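Here's the structure we're looking at; comments come further down.
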Amino acid sequence: MSRRLADVARKVGVSEATVSRVLNNKPGVSETTRRTVLTALDVLGYERPTKLRGERARLVGLVMPELQNPIFPAFAEVISGGLAQNGYTPVLCTQTAGGISESDYVELLLHQQVSGVIFVGGAYAQADTSHEHYERLRELDLPTVLVNAPVPDLDFATVSCDDSVSMEQAFSHLTQLGHTEIGILLGPTDHMPSRRKLDAARRVSKAAGLALPENRVVHSLYSLEAGQAAAARLLREGVTAMVCASDPMALGAVRAVRRAGLRVPEDISVIGFDDSALMNCVEPPLTTVRQPIESMGRMIVELLMRQMSTGSPLVDELLFAPELVVRASTGRVRAAA
C-alpha cells in the first residue's frame, strides 16, 4: 500500500496524504486533483479501490496496427494532443506479429475502465476477420471512434479520408501527363479502403476511356518490401505509372523501378498515399495524396468527447477531402521510339 501511495504521489506531484484521501474517498481534495490521482493509478497499473471501480478512468485506448508506417505515429501525435487538452490520457496499444491481438487489447482496456476507444486501422476495415470485440464495445455503449472505412453494418462514429476522391485526383494527374497504361498497388483484397479505391479507379478509368485489366491491379501488404515485390509485377505488365495505396508501398515501387534499370519519373511515374513524414525528402520527392491528419485528428477527438458528454453512440461517417501533392516522382509519359 505504501509503495502504491508513493508511486502515485510521485507521478502526480502531490503528497502521499492527498493520494490516500482520494483512494479512501475522503473530502478535502479538488475534483481536478482527484481525477488526476485516479488516472495516475490506472496508468501505473494499480487496481482502484472497490468503491471507486464503478467510475470510468480518464483514459482513452488508442489502438493501432503498427508504428512503422509514419502515418500512424502522425495520427497518434494529433489525437494524443487533443485528448490531453480535454483532460484525458491516451493508452497506446500497438500490435506486433505473434503479440497481443486487437481483441485482447480491448479486454485489457475494458479492465482499466477506459472512458473510450479510438481505432486507427484494424480489424474493422477487414471483411474476412472477426469483429466480435467491436460488438462487445457496442453492447457496453462505450464511446468509440474508427479512423477510415469500416466494413458495412459496423455502426460506429467514423472519420475517413475520401478514398474515391484520392483515386480521382491521382488518375486525373496521370492522365493529364499523358499516361494511359496505369497500374494500381493496393492493400489486401478484404481491406475496405482498398476496395473503395479500386471501385473509384475502375469508375474513373471507364470515364476516361482507359482500360484497367485485372493484371494491372495488385494487392499486397502495406510495407516497402511488399510494395517492391508488387510493383515488380506491374512493371512486367508494361505500365508507365503506378498509384500506390501508401507511401511505404510507393517507396518500394521506386526501388523496384530502379532495380529494373529504369528511372522515376523519366520511365515510370509513381504516386503514393498519406503524405507521411519526409516524403518531400526522399529521392525523388514523392508525389502523393495527402490525408488531412490535423483536421481529421481534431474531429476524431471531438466525436469521442461528444459521445462521452451525451452518452449516446454516433454512427455517422465523416469524409475528409484529400489533397494531391505534386512533387518530382511523376512526369510526362515518354513518347514511343
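The values are calculated or read from the model by the stated rules, or taken from the named source; none is laboratory data. Quick caveat: nothing in here was measured; it's all calculated off a predicted structure. Heads up, the Cβs are rebuilt from the backbone with ideal geometry, glycines too, and the neighbour counts pull from every protein chain shown. Ligands, DNA and RNA are excluded from the accessible area calculation, which covers all protein heavy atoms including side chains. Shrake-Rupley method; radii C 1.70, N 1.55, O 1.52, S 1.80 Å.
For the range 191-337, would you read off the P(r) tail past 20 Å as a percentage of all alpha carbon pairs?
54 percent
Please report, in debye to the nearest 20, how large the charge dipole of the chain is about its Cα centre when each Lys and Arg carries +1 at its beta carbon and each Asp and Glu carries -1 there.
For the chain, the charge dipole is close to 740 debye.
Would you mind calculating the relative contact order of the range 55-204 from Cα pairs under 8 angstrom and at least 6 residues apart, reporting the percent as a whole number?
Normalised by residue count, the contact order of the range 55-204 is 22 percent.
Please compute the Kirkwood hydrodynamic radius of the range 1-159 from all pairs of different C-alpha atoms, in Å with one decimal. Mind dumping the intermediate values first?
Details: mean 1/r = 0.0591 Å⁻¹.
After inverting the mean inverse Cα-Cα distance, the result is 16.9 Å.
Once amide H atoms are placed 1.01 Å from N in the peptide plane, what residues at a sequence separation of 5 or more from Val289, or on another chain, have their amide H within under 5 Å of its amide H?
Here the answer is Gly272, Phe273, Asp274, Asp275, Val325, since their amide H atoms fall under 5 Å of that of Val289.
Just how large is the dipole of the range 161-299 about the Cα centre, in debye to the nearest 20, putting +1 at every Lys and Arg Cβ and -1 at every Asp and Glu Cβ?
Dipole size: approximately 260 debye.
Given the -39500 (n - 2.57) contribution per DSSP H run of 4+ residues, what per-residue ellipticity at 222 nm results for the chain, rounded to the nearest 500 deg cm²/dmol?
-13000 deg cm²/dmol
Can you run phi through the Karplus equation (6.51, -1.76, 1.60; θ = phi - 60°) for the range 260-268 and list ³J(HN,Hα) in whole Hz, with x for Gly and Pro?
Coupling constants for the range 260-268: 8, x, 10, 10, 10, x, 4, 9, 9 Hz.
By how many nm would the segment from Ile100 to Ala277 grow when fully extended, if each residue of separation counts as 0.36 nm and the alpha-carbon distance is taken off?
So the chain would gain 61.0 nm between Ile100 and Ala277.
For the ranges 221-231, 254-264, what's the packing order if you count other beta-carbon atoms within 10 Å of each residue, average per peptide, and put the highest first?
221-231, 254-264
Using the Karplus curve 6.51 cos²θ - 1.76 cosθ + 1.60 with θ = phi - 60°, what ³J(HN,Hα) values do you get for each residue of the range 19-24, in whole Hz, with x for Gly and Pro?
Values per residue, Gly and Pro as x: 4, 4, 4, 5, 5, 9 Hz.
In whole percent, and with a 1.4 Å probe on the protein chains, what portion of the accessible area of the chain is carbon and sulfur?
Carbon with sulfur: 50 percent of the solvent-accessible area.
For the range 304-331, list residues with backbone N below 19 Å from a point placed 7 Å from the Cα of Asp155 toward its Cβ?
What the label zone holds, given the 19 Å backbone N cut-off, is 304, 306-308, 310-319.
Contact order normalised by length for the range 226-279, with contacts defined as Cα pairs under 8 Å and 6 or more residues apart; what percent is it?
42 percent
Work out how much length Ala84 to Lys11 would gain on full extension: take 0.36 nm times their residue separation and subtract the Cα-Cα distance, in nm to one decimal.
Answer, rounded to one decimal: 24.7 nm.
Would you work out the relative contact order for the chain, in percent, from Cα pairs under 8 angstrom that are 6 or more residues apart?
That works out to 16 percent.
What are the residues whose amide H is under 5 Å from the amide H of Ala241, where those residues sit 5 or more places off or on another chain and H is modelled from the backbone?
Gly183, Ser269
Return the sequence-ordered ³J(HN,Hα) values of the range 222-227 in whole Hz as given by the Karplus equation 6.51 cos²θ - 1.76 cosθ + 1.60 applied to θ = phi - 60°, using x for Gly and Pro.
Using θ = phi - 60°, the values come out as 8, 9, 4, 5, 5, x Hz.
Tell me the label only: which of (i) 21.8; (ii) 19.7; (iii) 20.5 is Kirkwood radius over Cα pairs in Å as calculated from this structure?
Correct label, based on the coordinates given: (i).
Leaving out ligands and nucleic acids, note down the accessible area per residue over the chain with a 1.4 angstrom probe, in whole Å².
46 Å²
Distance between the C-alpha centers of the range 68-102 and the range 161-235? Whole Å please.
Between the Cα centres of the range 68-102 and the range 161-235 lies a distance of 28 Å.
Among DSSP beta bridges whose residues both lie in the chain, state the antiparallel percentage, nearest 5.
Close to 10 percent.
Size of the dipole of the range 272-337 about the Cα centre, Lys and Arg at +1 and Asp and Glu at -1 on the beta carbon, nothing else charged, in debye to 20?
Working: 6 positive and 8 negative charges, 59 e Å.
So the dipole magnitude of the range 272-337 works out to roughly 280 debye.
Which is farthest toward the positive dipole end of the chain among Ala256, Ser269, Ser30, measuring Cα position about the Cα centre, with Cβ charges +1 (Lys, Arg) and -1 (Asp, Glu)?
Checking the options against the dipole of the chain, the answer is Ser30.
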